[in-house]
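Every number in this text was worked out from the coordinates using simple rules, so none of it is lab data. If you're wondering where the values come from, they're calculated on a predicted model, not measured in any experiment. Neighbour counts are summed over all protein chains in view; Cβ atoms, including those assigned to glycine, are modelled from backbone coordinates with ideal geometry.
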């Protein structure tokens, strides 16, 4: 299974749900906090064209936000 990169913020409830979801699936991920590093927020803007979080990157696939639709898409992508 491919490693994911996630862009989060400490008090964002959707970020927490995303981390829990990935952990439950056994997915390794690298977390990058957008509040502690300006370059990290710039990465989010470059990848998505916006500043919304959470953002998940798996290979060349980028997922913005975390809801049921995103959850289904992530599962398909992560399971190949």
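Condition first: assigned to a helix (DSSP H, G or I) and either more than 12 Å from the chain's Cα centre (by Cα) or more than 14 Å from residue 6 (Cβ to Cβ) (or both). Now tell me which residues in the stretch 44-63 satisfy that. The answer is 45, 46.
In a residue-by-residue description of the stretch 18-26, the property of being under 20 Å from residue 80 (Cβ atoms), out of contact with any strand residue (DSSP E or B) (no Cβ under 9 Å at 6 or more places or on another chain) and surrounded by fewer than 11 Cβ atoms within 10 Å (Cβ to Cβ) applies to at least one position. Scanning the stretch 64-76 for residues that are surrounded by 17 or more Cβ atoms within 10 Å (Cβ to Cβ), in contact (Cβ under 8 Å) with a residue 24 or more places away in the chain and closer than 18 Å to residue 2 by Cα yields a single hit, 74.
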